[in-house]
Amino acid sequence: MPPRKTKSSDRVTAQSDDGPDESIFLSRKERLFAGEQLRERLPHTVHAQWKPPGKHRDPIALLEESNRYRLPNLVPLRYGRMLRSPFTFLRGSAGLMAHDLATIPNTGIEVQACGDCHLMNFGLFATPERNLIFDINDFDETLPAPWEWDVKRLAISFAVAARDNRLSDKESRGIATRCVGAYRERLRKFSKMGPLEVWYDRLDAQAIIDMAPNAETKKTRELLVAKARMRLGDYLYPKISSEVGGRRRLIDQPPLIFHVHEKGFMQRVRSALHDYRLSLPHERRVLFDRYRLEDIAVKAVGIGSVGTYCFVGLFFSAENHPLLLQFKEACPSVLAPYAGKSHYQNQGQRVVTGQRLMQSSSDIFLGWTQGQNGRHFFVRQLRDMKMSAPIEGISAVRMKMYAEWCGQTLARAHAKSGDAALISGYLGKQDSFDLAVGKFSIAYANQNARDHLSLIEAEKSGRINALREEE
C-alpha cells in the first residue's frame, strides 16, 4: 500500500468549519470493524520495515533547508546542540524524520499530531487551577497528520535515548515496544469512553506518586514534583534580570539572551502585544491588563527551536509582581510539505489550537500574534512548573515505566481529535503492531546514528559551522 497523503482542502477535522465527518456517528462496533478491514490491506508487519528513500537522501541538505526561517547567527548554536549525541540530533531533526516517515505506508487516518513527538516533549506543568499534570508540552510542529507519525517518532526517541544510556538493543527495543503497547491499550479504553470522559481524562502528579512501586521510587517522584513546583517565573526572573537605572532589565548573555536595538523595535513590540491581547478570551484580557511590559529580549531555547525568533518578555503588576511570557516564532510545520498546509493563516494560531486540542489543560496566557514584518508567534508563560523527567542514566525498568506514561498520554491526545475506535480496530488486541514498531525503532535508530555522524563529518569538512556551549 503506498504512502497516503492528504491535502488540506480534503480534510474534515477539528480545524474545519465544514462540520463533523459523519463517520464519527457510526457505532463503535462498526468503526472497530472498519479498522480491522484496514489491517487486512495494510498488515502490521509493514510497519517494521525501514529503508532510506533513495540513494540521494542528504540529511545535511534537509537540515539546511530547515534553517530557512532561522536567524543565521544562531544556526551554529543549533548545530552545536545537535552534535552532542545521537539523541540531541534526533531532537533537532524533526523535519528530517517527517521527510522519512512520509515515504513509508500509513493508514491514512488523521489526528491532531504533535509533529515533534519525542520523550523530552512530555513532562509536568501547572494547570490554571495550579495542579501539576503530566502531558505533552511542546507543539511547535502540530498539524493534522497520520497518527502513526507521532507513535513512531515517540518510540524511536525511546530507542535512541536508551542507547545513549548504554542499554542494549534488546532493552532499547523492549522499551520502544512497551511505549507502543501502552498507546494501543489505552487507546482501546478511550474508544469505550464518552467524548467528555476522554476530554476530562488526565494524569496528575499525585497519581504518578501514588503509582510508585516502592518507597524509594515514591520519594524520587515526590522530589521531582517538589522541584517542578519551584520552577516559576517568580524564582527565575531575579536570575535573568538586574536593576539598571532604577528599572528591572533582562541581562544580556549573547548568544543565549540579547536585546534588539533596531529603530522602531519597541513600537513593533507594542503593536504585536495589542494583537496578542485580542487573541485571548475576554476574561484573560482582564488578567493580562494587570501587567505592564518592562523589558523584552531574544532568548535561544531548546534544540529544534534554536535560530527561530524567540523573545522573553518581563512584565510587572502595579505592585511589582513579575510575569515572564515567552513569544516563540511559529513557522510552518515540518509536517506541512507532506500532510498539507494548516487551516490557519497565522501559524501561531495553528500551534495554540493544536495545543488546546491535544492537552488536557493549557496555559491561561496561551495566545498568538503577528509581527509587522510578517512573522507569526505564539505566546505562553516562560516557566510555569514546567519540567521534563531526567532520563540520563536511568535504568531500563524506569525508562520502560516512563515510556508507558508517554504512550498512554499520546493515546489520550489522539483520542481527543481522532477516531479512537477506528485506530483501535486497526491496532487490534494483540501486540503485533507494538513489535513491528519496536523493530522499526531500532532500524531507524541506526539511521539516526548515521545521520548524526554525517553532521559530525559536515563540521569537519567545513560544510557547516557549529558553536558548542560549555556544559
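FYI, it's all coordinate maths here, none of it is from the lab. Keep in mind it's a predicted model, so treat the numbers as computed, not measured. Neighbour counts are summed over all protein chains in view; Cβ atoms, including those assigned to glycine, are modelled from backbone coordinates with ideal geometry.
Key figures for this structure:
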item	result
Isolated Cys residues of the chain, judged by Cβ distance under 4.7 Å to other cysteines	C179, C310, C331, C406
Computed [θ] at 222 nm, deg cm²/dmol, the chain (DSSP H ≥ 4; -39,500 (n - 2.57); rounded to nearest 500)	-14500 deg cm²/dmol
Ranking of V46, V379 by count of other Cβ atoms within 10 Å, fewest first	V46, V379
Under 20 Å from the Cα of K189 - lysines, other chains or at least 8 residues apart	K29, K416, K429
Most positive-pole-ward Cα, H321, S342, N373, against dipole of the stretch 318-378 from beta carbon charges	S342
Base-10 log of normalised Debye intensity for the stretch 80-140 (one unit scatterer per alpha-carbon) at q = 0.29 Å⁻¹	-1.22
Within the chain: Cβ-based charge dipole about Cα centre, in debye rounded to nearest 20 (Lys, Arg +1; Asp, Glu -1)	340
For K218, K439, order by how many other beta-carbon atoms lie within 10 Å, fewest first	K218, K439
Computed E for A443/A212 - FRET, C-beta separation, R0 41 angstrom, nearest 0.05	0.75
Rule-of-thumb Rg ratio for the stretch 233-381 [Cα; 2.2 N^0.38 Å; N residues]	1.06
In the stretch 233-381, lysine pairs with alpha-carbon atoms under 26 angstrom apart (chain gap of 8 or more, or interchain)	6
Under the Debye formula (equal points on every Cα, no solvent term), log10 I(q)/I(0) of the stretch 352-428 at q = 0.12, 0.18, 0.21 Å⁻¹	-0.57, -0.96, -1.05
Span-like helix ranges in the chain, DSSP H, alpha carbon extent 15 angstrom or more, Kyte mean at least 1.0	none
Dipole of the stretch 56-141, positive end: most advanced residue of F139, L71, L101 [Cβ charges, Cα centre]	L71
Between the stretch 307-366 and the stretch 174-226, the alpha-carbon center distance in angstrom	26
Distance in nm between pseudo-label sites at K29 and R468 (7 Å out along the Cβ direction from Cα)	6.4
Zone of K227's modelled label, taken as backbone nitrogen in the stretch 377-418 under 13 Å from a point 7 Å along Cα→Cβ	386-394
DSSP-loop trypsin sites (Lys or Arg not before Pro) across the stretch 130-182, with at most 16 other Cβ within 10 angstrom	R130, R166
Extreme residue, positive dipole direction of the chain, given options A415, G80, T127 (C-beta unit charges)	G80
Nearby lysines by direct alpha-carbon distance to K51 (threshold 21 angstrom, same-chain neighbours under 8 apart not counted)	K5, K152, K170, K439
Straight-distance crosslink candidates among lysines, where the alpha carbon sits under 28 Å from K219 and sequence neighbours closer than 8 are dropped	K227, K386, K400
F134, F139, F258 arranged by Cβ crowding within 10 Å, fewest neighbours leading	F258, F134, F139
Radius 10 Å from Cβ of L467, net charge of other residues (Lys, Arg +1; Asp, Glu -1)	+2
Computed E for L196/R277 - FRET, C-beta separation, R0 22 angstrom, nearest 0.05	0.10
